[in-house]
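Participant: Questions regarding the structure given below will be posed in turn.
The values are calculated or read from the model by the stated rules, or taken from the named source; none is laboratory data. Quick caveat: nothing in here was measured; it's all calculated off a predicted structure. Here the Cβ positions follow ideal geometry from the backbone for every residue, glycine too, while neighbour counts run over all protein chains shown. Heavy atoms of the whole protein, side chains included, go into the accessibility calculation; ligands, DNA and RNA do not. Shrake-Rupley method; radii C 1.70, N 1.55, O 1.52, S 1.80 Å.
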Amino acid sequence: MTGKQDLVESVLAGKRLPLARLLTLVENDAPEGRAALDQLFTHTGRAHLIGVTGSPGSGKSSLVNQIALALRNPTDGKPARSVAIVAVDPTSPFTGGAVLGDRVRMRDLAGDPGIFIRSMASRGALGGLSRATTGVVQALDAAGFDIVLVETVGAGQSEVDIARLAHTTLVIEAPGMGDDIQAIKAGILEIADILVINKADHPGVDSTVRALRAMLELGHPTHHRAAAGSTAVLWIPPVLQTIATKSEGIGELVDAIYRHAAYLHETGAWQLRDRIRLQSELEQLVQLELTARWQDSVSPELLQATLSMIEARQISPYQAAIQLTHPLPEPHSG
Amino acid sequence: MTERKIRVLIAKPGLDGHDRGAKVIARALRDAGMEVIYTGLRQTPEMIAEAALQEDVDAVGISILSGAHMVLVPRVLDLLRANGQDGVRVFVGGIIPENDVPGLIAAGVTAVYGPGTPTTQVVEEITRAVLHPEQA
Ligand SMILES: Nc1nc2c(ncn2[C@@H]2O[C@H](COP(=O)(O)OP(=O)(O)OP(=O)(O)O)[C@@H](O)[C@H]2O)c(=O)[nH]1
Ligand SMILES: [Mg+2]
């Protein structure tokens, strides 16, 4: 593995160590990683991207393990799918370190060359999905995995981020949410394509399922209707029950995933989601690039002087921002 | 932007079901700013090497109490090499008889830590071995 070209070719050829190294470069936002992704991008767009979110401890990793097992060992004559798993855990805001423990629940997948598991820390991403996650998912897509499962902690922004990244979003909850159901409802109804009540061996499953179904009937979020000008085809998120630790309900869950993929293809929603995702990625990158250029170009003295004028109420922050960004600076060098 | 984080796999091979020591080290490494991939109990050498590869770690910490270290540890080292991960530093913690330490070091282990080793020492030595491999 000497050069950039070798790295790209090795990844395309399905070599695992070069892929693992590329993922590190992408995570570190290293220039070699970005250059490799530029070349690999033309090979992306094939994988089915599945987001898995939900409350801490609800059983996301255990279910990812079960879903991957089922995809690797289909019982209904479907071909086995290769599966990449990205498991994101939070970085400690105090030390910058992280303990990434999702693999503990995925030991059944060991030794299978059709599986690749990567743990990631959220790093700088404020409560949300690490920015590098997008690049990591692209690399795995280009490497030829049929399905990329992304597990993330269901907290605040990351739920929305995962729904934007994924074709299919699974929201995993445990029974007994009781009164909390009102609180979580708004967020999950917006993003869930499939709702899973895991730990169905715990009490309170039936009432949790009933409450969620009732709420789903009240309102269908707009993106479920956004199918290529048609209002006839509507995806109503199924509410499923599973016991990940006993492999129960997994067949139904995997069926729902396949049905959702078919729905996306038949209605044109697959392309629509692809476009929305790429648009938001483009917008994010333009913002970052322009900010970097501006930071390179603005002189600290001018910045200080302008700040003083704002403090003295001589110009408004808005006027100052216009002045400081005009004309737009040249491309950022590093 | 380029941000270098030390990534360490903490693995617990063997049949004993005791991973308190492994967890203490995992937390100490996290508190030192490292990203620690924790794989849980009863890992085979094959599972450890596979995880080390997928996670592209800089170091592997093997916590071992079962007494099978002279078999399991060299096997992990062989598999890492076979996978092209010669640069990965391997540390062993647990109950290791004094007499076995030279053999483990000769097999390629960077350091062996007995019970009661201060976590600060472990953190320091892993950091040094990863960032300055030429000095180790
Ligand atoms: N009783 C029961 N326990 C389960 C079930 N699924 C998972 N668990 C247990 O719940 C605990 C948490 O499971 P995980 O799969 O780690 O949950 P998670 O959502 O990935 O957790 P975080 O990543 O920490 O948010 C583990 O002890 C599992 O063994 C289930 O269906 N029933
Ligand atoms: Mg998990």
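Participant: Specify the longest stretch of chain A that does not include any exposed loop site, a site being one of the trypsin sites (Lys or Arg not before Pro) with a non-H, G, I, E, B DSSP assignment and at most 15 other Cβ atoms within 10 Å.
Facilitator: So the longest stretch without any such site is A:47-312.
Participant: Taking the Cα centre of the protein assembly as shown as origin, sum charge times position over the Cβ atoms of Lys and Arg (+1) and Asp and Glu (-1), and report the length of that vector in debye to the nearest 20.
Facilitator: I would put it at about 400 debye.
Participant: Report, to the nearest whole %, how much of the accessible area of the stretch A:1-139 belongs to carbon and sulfur atoms, 1.4 Å probe, protein only.
Facilitator: 54 percent
Participant: Averaged over B:31-44, how many beta carbons belonging to a partner chain fall within 10 Å of each residue's beta carbon?
Facilitator: 6
Participant: Also, quick follow-up: Quick check: residue separation of A:Q271 and A:E252 times 0.36 nm, minus the Cα distance between them. What number comes out in nm?
Facilitator: Additional length available on full extension: 4.3 nm.
Participant: Let me ask something else. Rounded to the nearest Å, what's the spacing between the alpha carbon centres of the stretch A:255-278 and the stretch B:44-85? Just the number, please.
Facilitator: 41 Å
Participant: Classify chain B as rounded, prolate or oblate, taking a ≥ b ≥ c as the square roots of the eigenvalues of its Cα gyration tensor: rounded when a/c is under 1.5, otherwise prolate if a/b is larger than b/c and oblate if not.
Facilitator: Rounded shape, in that the Cα axes give a/c under 1.5.
Participant: Further question: Within a 10 angstrom radius of each residue's Cβ in B:46-55, how many Cβ atoms of other chains show up on average? Whole number is fine.
Facilitator: 5
Participant: What's the average, rounded to a whole number, of partner chain beta-carbon atoms within 10 Å of each residue's beta-carbon in A:15-27?
Facilitator: So the per-residue partner count for this stretch is 4.
Participant: Roughly what % of DSSP beta bridges within chain A run antiparallel, to the nearest 5?
Facilitator: 5 percent
Participant: Taking chain A as a Gaussian network, Cα atoms linked when under 10 Å apart, which of A:H260, A:H202, A:H43 shows the biggest mean-square fluctuation?
Facilitator: A:H202
Participant: Hey, another quick one. What residues qualify as long-range amide H neighbours of A:H48, i.e. H under 5 Å apart, gap of 5 or more or another chain, H built at 1.01 Å from N?
Facilitator: A:I147, A:V148
Participant: Taking all protein chains as present, what is the carbon and sulfur share of the accessible area of the stretch A:284-325, in % to the nearest whole number, probe 1.4 Å?
Facilitator: 60 percent
Participant: Read phi for every residue in the stretch A:160-165 and hand back ³J(HN,Hα) as whole Hz from Karplus 6.51 cos²θ - 1.76 cosθ + 1.60, θ = phi - 60°, with x for Gly and Pro.
Facilitator: With coefficients 6.51, -1.76 and 1.60, one gets 5, 4, 5, 5, 6, 6 Hz.
Participant: A follow-up question, please. Using the structure shown, select from A:K15/B:K5; A:K78/B:K12; A:K15/A:K199 the pairs with a Cα to Cα distance greater than 28 angstrom.
Facilitator: A:K78/B:K12; A:K15/A:K199
Participant: Farthest toward the dipole's positive end in chain A, which of A:A262, A:G135, A:A98, given Cβ charges of +1 (Lys, Arg) and -1 (Asp, Glu) about the Cα centre?
Facilitator: Toward the positive end, the furthest listed residue is A:A262.
Participant: Which three extents, in whole angstrom, do the alpha-carbon atoms of the protein assembly as shown cover along their principal axes, largest first?
Facilitator: 73, 65, 45
Participant: Which GluC sites (Glu not before Pro) in the stretch B:1-103 pass both tests, a DSSP loop state and at most 14 other beta-carbon atoms within 10 Å?
Facilitator: Passing sites in the stretch B:1-103 are B:E3.
Participant: Mind checking the per residue accessible area of chain A for me, 1.4 Å probe, whole number of Å²?
Facilitator: 48 Å²
Participant: Show me you know the interface measure: the accessible area buried between B and A, both chains summed, probe 1.4 Å, in Å² to the nearest 100.
Facilitator: Summing both chains' loss of accessible area gives about 2500 Å².
Participant: Can you tell me the 0 to 90 degree angle between the C-alpha axis of helix A:205-218 and the longest principal axis of chain A, rounded to 10?
Facilitator: So the helix axis and the longest Cα principal axis differ by about 60 degrees.
Participant: With each label point set 7 Å from Cα along the Cα-Cβ vector, what nm distance links B:A106 and A:V298?
Facilitator: Distance between the two pseudo-spin positions: 6.4 nm.
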